[in-house]
There are 2 protein chains.
Amino acid sequence: MSKRLPKYMILKNELLSWIESGKLSPGSQVPSENEIAEQFSLSRQTVRQAFSELEKQGLLERVQGKGTFVRHAAVREEAAQPRTIGIVTTYISDYIFPHIVRGAEAELRSRGYRLLLASTDNDKEKEMECLRLMLSEPLSGLIIEPTKSAEGNPNLSFYLSMQSKNLPFLMINESYRELEVPCLKVDDERGGLTAARYLIKQGHRRIVGFFKTDDLQGVNRLKGFMHAHREAGIPLDPEHVVTYTTSQKDKLPVKKLRELLASTDRPTALFAYNDALAVPLLNTAREMGVSVPGELSIVGFDDSALALAAGVPLTTLTHPKEEMGREAARRLIAMIEQEERSSDDTEELLYLPELVERSSVVQLT
Amino acid sequence: MSKRLPKYMILKNELLSWIESGKLSPGSQVPSENEIAEQFSLSRQTVRQAFSELEKQGLLERVQGKGTFVRHAAVREEAAQPRTIGIVTTYISDYIFPHIVRGAEAELRSRGYRLLLASTDNDKEKEMECLRLMLSEPLSGLIIEPTKSAEGNPNLSFYLSMQSKNLPFLMINESYRELEVPCLKVDDERGGLTAARYLIKQGHRRIVGFFKTDDLQGVNRLKGFMHAHREAGIPLDPEHVVTYTTSQKDKLPVKKLRELLASTDRPTALFAYNDALAVPLLNTAREMGVSVPGELSIVGFDDSALALAAGVPLTTLTHPKEEMGREAARRLIAMIEQEERSSDDTEELLYLPELVERSSVVQLT
DNA sequence: TTTACAAAGTCGTACGTACAAGAAAATCTT
DNA sequence: AAGATTTTCTTGTACGTACGACTTTGTAAA
């Protein structure tokens, strides 16, 4: 038996249960130190020790000459938790990331949480800086979009210290493999598969794919893209898989497309890593006098605002965006408020990307 | 003389001065309770009381069996200052707002501040909620984009309480007229003027303008638009000024454009409140078989990513976006760090929008 | 009835003792 | 010399007393 608990701790726990059970309602007066001492057969000093710790925690209020009182819940809450949640994303301003942040913000605000925002600009050093800044104040939880998830995790120590401090956090879009944390992401491999299957079904055989490979999302989309070719028995020209990273000049994929379109047996279809890439590729094709979708079909990814704004409304794959942000917030709040880490803690939620048919793909006869 | 200070308080102050003066350096061991007791002719209990309060404050660390130690400065500092700045915007995810936030975030991070984000969704009730949440924790400053600035300010009391608390804040894009606060904004009237002048110079005479009128930006752009017509002596058909608010269905301006394009003497040019509106209008025109810019020239506003992604690259007016966010952060930090409110405190910074010529405007012969 | 004062209750301060628990140094044993 | 044990130091827990400061309440005087 661990009956080694000090008496003042036992008393503290007893008083806590009184408060919790409502035996002592907020604002009511607690029996005097002497009464408690007699009741529990303790010395008044010991009772004082228990009281003073509870007062330090903000649960009791002692007034000289009057007595000791239970603080009102509202007052307690205030001093208790900051109820602030941090989000670390790669980019704040670009593309679909604002939508994710917005979804999370809306959910958090409605639940009375505040949102601390930081972005890494896809730079691992800045990621470290962000984490340090975030953790310098007590946080209730963190939502993180990993930076360059395909290139390892030099900030592992931060994540480990978060786990050891029992600070709830979860990841979106991708997660570092070394960590077992809940993660919300799009089924990227399935997305690449769906897109390629669709183009193949439309009769396309020479399909070029553009993939960003410094994060796992691009790698997984590429996997699905290749898988679709394999299962259809279509040989995949190595020239038709274009990979790039953000550190290189952004012009690279565009230049590559120029070469491909200028060649003799040019591709009839194109799958872009995301809409942000699909649009400039589309414009490049049109500049070269290649009509879209007449001579070149295009499928994008993420169903961003750009897909609709483009000259030819883009056929693309959905990304949950706001919903993902909202769900991330919901799950994090659940983790915070139930406190007890349940077994499904490291659960991964995979969103299935769906094809949105617009006007940028044509069926080959 | 108020020599009525309790002994343990006197001891506390003495120890504090020891720490401050360096007599007790961080990490060093404090004389044991018994030593102190003897030195000061106090009982050990009294010494313990002083120690335990200092421990509670985070200045000392007591280890059973080893002794009492002065905590390192770094550990103490942590609990010191929040250095957090809040931003309240109308929208997080849409359009140019993410760019503003990003600019501010980059600047703040590099200066060691954290960013608390909230959005109002252009709803004044949510604005109040945001302000309440923001102010529930000590903030160093606030950047606010007013919600529906043309429709009064029901949350005035919040702003007044901020001013009375000497909490620095500034506004971007627009400011509530009743408040005298620094404000960074685009010279919207000048923008409307520039756009209309440009179209007139290109030979257009029947120009339709679309303006969002629930915030002052739209109203001011409209002013400039009308001013250009007046100065050029061109009568402005009332039908050619279309106003709308976000609360109405977004379809309204599109429907209006349909009517105008179907009429006999349809406009030859169009000025849109911003690019986000210009793009759907452009697409609407093209759907109706009206070529852009051949039959209809279009000028947008804000030089957003949409302007380049559109089927026809949009001629538009610049908006500082990131730079505005960065500058807002810089100014706010200056206000915080110098503390003294200088005379140029309520200064307004006006950015001059510049015309970016792309392909959506044609010169009439 | 109102006012002034006293009494009794509360928590705050201050001293005392004793022993327990943990850590480190000194000592003893091997 | 190395390891085990004891001693001695530290802080932690627990009890006790006494008195001060403050508030409320009851009582007595005006």
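The values are calculated or read from the model by the stated rules, or taken from the named source; none is laboratory data. What you see is a predicted model, and the numbers here were worked out from it, not measured in a lab. A quick note on method: Cβ atoms are made from the backbone with ideal geometry, for glycine too, and the neighbour counts reach across all protein chains shown. Remember, those area values only see protein heavy atoms, side chains included, never the ligands or the DNA or RNA. Shrake-Rupley method; radii C 1.70, N 1.55, O 1.52, S 1.80 Å.
Dipole check for the range A:188-320: with +1 at the C-beta of Lys and Arg, -1 at the C-beta of Asp and Glu, and the Cα centre as origin, the magnitude is about 240 Debye. In order along the range A:179-193, phi translates into HN-Hα couplings of 9, 9, 10, x, 8, 9, 8, 7, 6, 5, 4, 4, x, x, 4 Hz, rounded to whole numbers, per the Karplus curve 6.51 cos²θ - 1.76 cosθ + 1.60 with θ = phi - 60° and x for Gly and Pro. For the residues of B:92-101, the average number of beta carbons from a partner chain within 10 Å of their own beta carbon is 6.
Sparsely packed loop sites in the range A:150-219 (the GluC sites (Glu not before Pro) outside DSSP H, G, I, E and B with at most 12 other Cβ atoms within 10 Å) comprise A:E178, A:E180. Once both labels are positioned 7 Å from their Cα atoms along Cα-to-Cβ, the gap between A:V356 and A:H227 label points is 2.3 nm.
Work out the FRET efficiency for A:R177 and A:N13 from their Cβ-Cβ distance, taking R0 = 51 Å, and round it to the nearest 0.05. So the FRET efficiency works out to roughly 0.75. Kirkwood analysis of the range B:7-77, using all unique Cα-Cα pairs, places the hydrodynamic radius at 12.0 Å. Surface exposure of the range B:215-365, expressed per residue as accessible area with a 1.4 Å probe, stands at 46 Å².
Each of A:G300, A:P235, A:N274 was placed along the dipole of the range A:188-320 (beta-carbon charges, centred on the mean Cα), and the one lying farthest toward the positive end is A:P235. Here the Karplus curve 6.51 cos²θ - 1.76 cosθ + 1.60, taken at θ = phi - 60°, turns the phi angles of the range B:217-233 into couplings of 4, x, 4, 5, 5, 4, 3, x, 4, 5, 4, 4, 5, 4, 5, 8, x Hz, with x standing for Gly and Pro.
Taking the Cα centre of the protein assembly as shown as origin and assigning +1 to Lys and Arg Cβ atoms and -1 to Asp and Glu Cβ atoms, the resulting dipole is close to 820 debye.
Both the radius of gyration and Dmax for the protein assembly as shown are 31.6, 104 Å, in that order, over alpha-carbon atoms. To the nearest 0.05, what FRET efficiency results for B:D237 and B:K201 with a Förster distance of 22 Å applied to their C-beta separation? It comes out at approximately 0.70.
Diffusion coefficient (Stokes-Einstein, Kirkwood radius over C-alpha pairs, 10 °C, 1.306 mPa s) for the range B:222-288: 122 µm²/s, rounded to a whole number. For chain A, a simple Cβ point-charge model (Lys and Arg +1, Asp and Glu -1, everything else neutral) yields a dipole of about 360 debye relative to the Cα centre. For the segment A:317-323, counting C-beta atoms of other chains within 10 Å of every residue's C-beta and taking the mean gives 0.
Rounded to the nearest 10 degrees, the angle from helix B:44-56 to the longest Cα principal axis of chain B is 10 degrees.
Our note on the geometry: Cα centres of the range B:150-229 and the range A:166-241, 45 Å apart.
Specify whether the C-alpha gyration tensor of the range B:132-194 places it in the rounded, prolate or oblate class, a ≥ b ≥ c being the square roots of the eigenvalues: rounded for a/c under 1.5, otherwise prolate if a/b is larger than b/c and oblate if not. The shape class here is prolate. Projecting the Cα atoms of B:S175, B:T90, B:P313 onto the charge dipole of chain B, computed from C-beta unit charges around the Cα centre, puts B:T90 farthest toward the positive end.
So if we plug the beta-carbon distance of B:T284 and A:M288 into 1/(1 + (r/R0)^6) with R0 = 25 Å, what FRET efficiency do we get, rounded to 0.05? Kindly include the intermediate steps, with their values, before the conclusion.
Details: r = 28 Å, r/R0 = 1.11.
That gives a FRET efficiency of 0.35.
Would you mind calculating the gained length between A:F69 and A:S41 on full extension (0.36 nm times residue separation, minus the Cα-Cα distance), in nm to one decimal?
On the way: separation 28, 0.36 × 28 = 10.08 nm, distance 2.14 nm.
7.9 nm is the gain from fully extending A:F69 to A:S41.
Note that chain B shows a convex hull volume over its alpha carbon atoms of 184 Å³ per residue.
Among the trypsin sites (Lys or Arg not before Pro) in the range A:120-167, which ones are in a DSSP loop with at most 13 other Cβ atoms within 10 Å of the Cβ? Mind listing them? Write out the running numbers ahead of the final one.
Details: sites: A:K124, A:K126, A:R132, A:K148, A:K165; in loops: A:K148, A:K165.
Filter output for the range A:120-167: A:K165.
Pairs of alpha carbons in the range B:188-320 separated by more than 21 Å make up 33% of all such pairs.
With a cap of 14 neighbouring Cβ atoms within 10 Å, and only residues DSSP puts in a loop, list the chymotrypsin sites (Phe, Trp or Tyr not before Pro) found in the range B:148-243. Numbers along the way, then the final one.
Values: sites: B:F158, B:Y159, B:F169, B:Y176, B:Y198, B:F210, B:F211, B:F225; in loops: B:Y176.
Loop-located and lightly packed - none at all.
Per-residue mean of foreign Cβ neighbours for A:123-129 is 1 (Cβ atoms of other chains, 10 Å radius).
Over the range B:194-315, Cα pairs under 8 Å with separation of 6+ residues give a relative contact order of 26 percent. Which pairs break 26 Å Cα to Cα here: A:K124/A:K255; A:K256/B:K321; A:K212/A:K255; A:K124/A:K212; A:K185/A:K255? In this structure, A:K124/A:K255; A:K256/B:K321; A:K185/A:K255 lie more than 26 Å apart at Cα. Springs between Cα atoms under 10 Å define the GNM used for chain A, and in it the highest mean-square fluctuation of A:Q202, A:Q49, A:Q217 occurs at A:Q49. Of the accessible area of the protein assembly as shown, computed with a 1.4 Å probe over protein heavy atoms only, carbon and sulfur atoms account for 49 percent.
Placing unit charges on the Cβ atoms of the charged side chains and taking the dipole of the protein assembly as shown about its Cα centre, the candidate lying farthest along the positive direction among B:M9, A:T264, B:Y159 is B:M9.
Could you compute how much accessible area chains A and B hide from each other, both sides summed, with a 1.4 Å probe? Nearest 100 Å² is fine. Write down the numbers at each step before the final one.
Values: alone 18260 and 18300 Å², together 33410 Å².
By this definition, chains A and B bury close to 3100 Å².
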